[in-house]
Protein chains: 2
Amino acid sequence: MDLIFDDAYFMRKALDEANYAYEKGEIPVGVVIVIKQQIIARGHNLTEMLNDVTAHAEMQAITAAANFLGGKYLKDCTMYVTLEPCQMCAGALYWSQLSNLVFAASDHERGYRKFGGQLHPKTKVKNGIMEEEASKLLKRFFIERRNLN
Amino acid sequence: MDLIFDDAYFMRKALDEANYAYEKGEIPVGVVIVIKQQIIARGHNLTEMLNDVTAHAEMQAITAAANFLGGKYLKDCTMYVTLEPCQMCAGALYWSQLSNLVFAASDHERGYRKFGGQLHPKTKVKNGIMEEEASKLLKRFFIERRNLN
């Protein structure tokens with residue numbers, strides 16, 4: 001069976017990353033960055049483990065992708081992320097001039113669209129890919145955390 | 001002579017950092033983070049050297065301060081930065097719940113106030129401290145860079 005390298009394929013890889021975050025007790029958000037159907041960076045939220053508010057999945061992946069490419073601009077790259085980026089990550093993506101952003105779940109509270117951040121005018125955006133799976137994982141995390149407190 | 005630990009004192013330290021950036025050919029922005037009149041983190045822009053759009057002075061200092069404090073929130077901290085933060089850095093400061101932000105020069109193009117980012121509601125903001133010195137350094141950098149191209 002041939003693998004089909006479509007949005008769902010790469011979003012599943014981002015969901016794998018979100019699951020790694022979940023297993024570590026982190027808010028489960030995962031990301032991959034793809035160029036020419038090749039994953040060049042992966043990341044998952046590590047804010048608790050690293051004690052660092054800047055350690056969002058997207059921020060780590062932006063740094064890793066730039067490192068792979070040897071340049072700081074993510075032209076021709078697509079980021080797949082399981083949750084709508086916050087204003088910090090949108091700001092980083094703005095500077096990176098990312099070509100395509102695909103996110104799964106919307107973040108109606110802290111997502112950049114509601115909160116006032118903006119992407120680069122060149123960045124094309126798609127959302128809702130595997131939204132249900134991404135949302136379910138986030139909800140499970142927050143319900144379990146609430147029950148612990 | 002007693003040293004007076006006022007805003008100008010700490011902004012001068014941030015300007016020292018901006019000068020380090022300038023000497024490295026980086027857009028000259030510098031920052032210090034202070035708690036109880038003690039500098040716990042310093043940083044200057046390193047986006048070119050690190051090939052990383054996330055390597056703004058503020059982002060590095062937020063990570064360093066959290067590392068020093070052993071926790072990710074910058075409560076009771078004051079950040080002194082020579083230029084108004086962009087939306088990415090404002091977003092990081094939002095998550096950090098920084099208590100006080102003091103910046104020198106305004107950024108009328110990419111600063112968070114114009115661009116749409118927002119700080120944490122608990123963050124108090126002051127600006128204009130040593131604005132002339134900070135602006136002069138930035139202008140010098142951009143004029144020199146233009147002449148090189």
ask   = Pick from region B:89-100 the residues that are assigned to a helix (DSSP H, G or I) and over 20 Å from B:Met11 (Cα atoms): which of them is farthest from the other protein chains (Cβ to nearest Cβ)?
value = B:Tyr94
key: Selected residue (criterion: nearest to B:Glu132 (Cα to Cα)) from residues of region B:1-54 that are touching a Pro at 6+ places or on another chain (Cβ under 8 Å) and buried (at least 24 other Cβ atoms within 10 Å of the Cβ)   = B:Ala18
First in region A:57-72 and among the aromatic types (Phe, Trp, Tyr), second anywhere and surrounded by 17 or more Cβ atoms within 10 Å (Cβ to Cβ), Cβ under 8 Å, 6 or more apart = A:Phe68/A:Ile40; A:Phe68/A:Ala41
query = Among the listed residues A:Glu17, A:Glu26, A:Glu48, which satisfies the condition of being under 19 Å from B:Gly91 (Cβ atoms), more than 10 Å from chain B (Cβ to nearest Cβ) and either outside any helix (DSSP H, G or I) or in contact with a Lys or Arg (Cβ under 7 Å, 6 or more places away or on another chain) (or both)?
reply = A:Glu26
message = With the requirement that a residue be touching an Asp or Glu at 6+ places or on another chain (Cβ under 9 Å) and within 13 Å of B:Met11 (Cα to Cα), what does region B:34-43 give you?
response = B:Arg42, B:Gly43
inquiry  = Suppose we keep only residues that are under 21 Å from B:Ala55 (Cβ atoms) and touching a strand residue (DSSP E or B) at 6+ places or on another chain (Cβ under 7 Å) within region A:75-84. Which one would you say is surrounded by the fewest Cβ atoms within 10 Å (Cβ to Cβ)?
reply    = A:Cys77
Which numbered condition B:Gly43 misses (of (1) in contact with a strand residue (DSSP E or B) (Cβ under 6 Å, 6 or more places away or on another chain); (2) part of a helix (DSSP H, G or I); (3) within 14 Å of another protein chain (Cβ to nearest Cβ)) = (2)
key: A:Ser96 vs. criteria farther than 26 Å from B:Met49 by Cα and of a type in the set (Ser, Thr, Tyr)   = no
key: Selection count, region B:52-88, where residues are at the interface with chain A (Cβ under 7 Å from one of its Cβ atoms) and within 11 Å of the chain's Cα centre (by Cα)   = 3
note = Per the filter on region A:101-147, residues assigned to a loop (DSSP other than H, G, I, E, B), among the charged types (D, E, K, R) and without any contact (Cβ under 8 Å) to a residue 12 or more places away in the chain are A:Glu109
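Being within 21 Å of A:Pro121 (Cβ to Cβ) and buried (at least 17 other Cβ atoms within 10 Å of the Cβ) is the filter; apply it to region B:101-117 and report the residue that is nearest to the other protein chains (Cβ to nearest Cβ). Reasoning before the result, please.
So in region B:101-117, the residues within 21 Å of A:Pro121 (Cβ to Cβ) come out as B:107-117.
Among the residues that remain, those that are also buried (at least 17 other Cβ atoms within 10 Å of the Cβ) are: B:107, B:110-113, B:115, B:117.
Working: B:Asp107: 13, B:Arg110: 9, B:Gly111: 12, B:Tyr112: 8, B:Arg113: 11, B:Phe115: 7, B:Gly117: 5 Å.
Checked region B:101-117; the qualifying residue nearest to the other protein chains (Cβ to nearest Cβ) is B:Gly117.
Taken together, the values in this text are just the output of simple stated rules run on the coordinates, not laboratory data. Because the structure is a prediction, the values reported are computed rather than measured. In this analysis, Cβ positions are derived from the backbone assuming ideal geometry, glycine residues included, and neighbour counts consider all displayed protein chains.
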